[in-house]
Each structure stands twice: as structure tokens, then as C-alpha cells.
1. Based solely on its DSSP helices, what 222 nm [θ] is calculated for the chain when runs of n ≥ 4 H residues each add -39,500 (n - 2.57) and the sum is averaged over all residues, nearest 500 deg cm²/dmol?
2. Quick one: longest stretch of the chain between exposed loop trypsin sites (Lys or Arg not before Pro), exposed meaning at most 16 other C-beta atoms within 10 Å and loop per DSSP?
3. For the chain, what is the charge dipole size about the Cα centre, in debye to the nearest 20, if Lys and Arg each add +1 at the Cβ and Asp and Glu each add -1 at the Cβ?
4. With loop defined by DSSP as not H, G, I, E or B, and exposure as at most 14 other Cβ atoms within 10 Å, which is the longest segment of the chain clear of exposed GluC sites (Glu not before Pro)?
5. So how tilted is helix 191-207 from the main axis of the chain? Cα-based, degrees 0 to 90, rounded to 10.
6. On C-alpha positions alone, give me the angle between the axis of helix 237-246 and the longest principal axis of the chain, in degrees, nearest 10.
7. Which of rounded, prolate, oblate describes segment 24-76, given a ≥ b ≥ c as roots of the alpha-carbon gyration tensor eigenvalues and a/c under 1.5 marking rounded, otherwise prolate only if a/b is larger than b/c?
8. In whole angstrom, note down how far apart the Cα centers of segment 44-114 and segment 241-282 are.
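Read-outs throughout are calculated quantities, based only on the coordinates presented, and are distinct from any laboratory measurement. Quick caveat, the model's predicted, so the values are computed rather than measured. Here the Cβ positions follow ideal geometry from the backbone for every residue, glycine too, while neighbour counts run over all protein chains shown.
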Amino acid sequence: MRPLQPGDPTHLGDHRVLARLGSGGMGEVFLGRSPGGRMVAVKVVHEALAAQPGFRARFRREVTAARSVGGAYTAPLVDADPDAEVPWLATAYLPGMSLRDAIDAHGPLPPPAVRALGAALAEALVAIHGAGVVHRDLKPGNVMLTPDGPRVIDFGIAQAAEATAITESGAFLGSPGYLAPEQAAGGRAGPAADVFALGAVLAFAATGSGPFGQGPVHVLIHRALHDPPDLAAVPDPGLRHLIATCLDKDPARRPVPAALVPHLAAPPQGVAWLPETVSQLV
């Protein structure tokens with residue numbers, strides 16, 4: 001969290017803007033407070049993206065769909081304005097830390113915790129896909145570990161952005177190392193692309209590294225398209241097999257999220273499922 005900078009908005013709709021939370025490929029994120037005192041995370045779309053033909057209509061459809069996403073493991077959409085000078089949306093603000101930060105600071109999770117995390121993320125995808133939304137950028141930085149359990153954040157504008165002709169040559173949306181092959185190749189990413197990303201996130205949680213290692217963007221893209229994932233460090237053979245099925249190159253052979261839950265663990269609540277060093281921070 002950082003102070004506001006000169007030129008930052010002080011209000012977005014009825015929400016008072018309090019601080020900066022971060023930025024990404026699609027926009028900047030601010031901490032806000034609703035008129036009723038609720039803390040919200042407000043994502044403001046980059047002006048260049050918002051100016052592309054057709055973006056606002058797609059964004060409006062995405063917002064309508066995202067409003068209907070329920071479930072215990074997502075951050076609910078609470079407000080949006082697709083018609084603002086610069087479009088924005090607000091979700092419930094979730095205190096805690098990202099999975100990325102937790103693993104970077106304290107190392108991989110033990111297999112039971114990875115299984116619990118996987119069950120929560122699979123249930124989140126069931127809710128997201130059931131509302132007609134595809135996340136398209138599920139990654140460790142978009143999984144929050146909160147006092148009430150894990151939550152998937154940052155869905156609701158990826159599909160509108162992906163369908164928009166934003167390209168400079170070679171531009172794409174998503175995070176290399178977690179992109180499904182069909183998405184990395186520039187094709188349309190459906191729900192199965194989120195399952196691929198789920199497998200990559202669980203590999204990261206179990207080992208501290210993504211299944212395609214590290215390297216420049218073009219190297220990670222090539223590995224996702226052509227190389228098998230490196231899962232040798234996943235300590236639980238059953239978990240290793242489940243992750244491998246999610247990372248199948250063929251989207252038709254990946255399991256649907258609902259089919260994964262029975263093979264994982266009871267979806268977690270609170271922080272007791274986490275190692276003590278992480279749960280104390282959360």
C-alpha cells in the first residue's frame with residue numbers, strides 16, 4: 001500500500017480513494033472506502049485500453065456477469081462504472097497476503113495445505129465459470145490468503161481486455177508460466193485455460209517454482225507450448241498426478257474444476273490449514 005500520487009483520483013463514483021494498492025497490465029488498483037464505510041479495492045482500466053473500439057461494451061457485459069459470481073472463495077464485485085471517462089470496478093478489499101508473497105517469504109506449502117488450497121481454488125472457478133466468466137489470469141499474485149481463507153481476486157475484466165485489439169505486435173494478456181498453451185498461442189481461452197493455470201499455481205505452492213521454471217517471456221511461452229511441466233519436486237505423488245492432468249496441453253483432456261474437488265481436501269476456512277509462520281502473518 002502506497003500514498004496517492006499527484007493526479008490520482010480522490011473519488012471513483014461514490015467511493016473515496018485512500019491509497020494505491022498496485023498496478024498491472026490492465027490498470028491501477030486503489031484502496032477505497034464506500035459511503036457506508038466498506039473497504040474496497042478499485043481497479044481503474046488503463047486509458048489506452050479503454051479507448052480501444054468495443055472495449056466498453058465487452059467490459060459492460062463482463063461486469064454484468066461478474067456481479068453474479070458468488071461462492072466462498074472469490075472477492076465479490078460490489079460496484080462498477082463501465083461508462084465513466086476511465087472505466088473502473090470495485091471489489092471487496094481483502095486484508096492478508098498473496099500466495100506469491102507467502103511462498104516467496106516462507107517457502108512451499110506442505111502437501112495437505114496445497115490440497116486444501118486446490119479445493120478452494122477449484123470451488124472458486126466453479127463459481128466464476130458458472131457465472132459465464134473466465135478468469136484468464138489466475139496466478140499466485142491473484143490468490144489472496146486472508147483471515148477467512150483463500151480468495152481468488154482480479155476477475156471481471158480479463159475477457160473484455162483479451163477480446164480487444166490492443167496489440168502492439170506480440171502483445172498478450174496473462175502471466176507467462178501460468179498461461180495455457182492455447183492462450184499463449186494467441187487463441188481464445190476458455191474455462192479449461194483457468195484449469196491449466198490452477199495446475200501451475202498448485203505446482204508453485206508445492207515447490208516454490210512454477211512448472212515451467214523461470215526465464216524470459218519467450219522462453220516461458222515456448223516451454224508452455226512444447227515442453228512437459230517439471231513436477232519432479234512435488235512431494236506427493238497423488239498431488240503430482242492431479243497437477244499434471246490440469247497441465248495437459250490439450251484443453252479437452254483437462255478436468256473440469258468440480259471434478260477436482262473430491263480428489264483434493266476439505267475446502268479451508270480461516271488460517272488453521274496454513275503453516276504457523278504464514279498463518280501468523282495473515
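1. -10000 deg cm²/dmol
2. Excluding the exposed sites themselves, the longest stretch runs over 39-187.
3. Here the chain has a charge dipole of around 260 debye.
4. In the chain, the maximal stretch lacking such sites is 169-282.
5. Roughly 60 degrees, rounded to the nearest 10.
6. 50 degrees
7. Oblate, because a/c is 1.5 or more while a/b does not exceed b/c.
8. 20 Å
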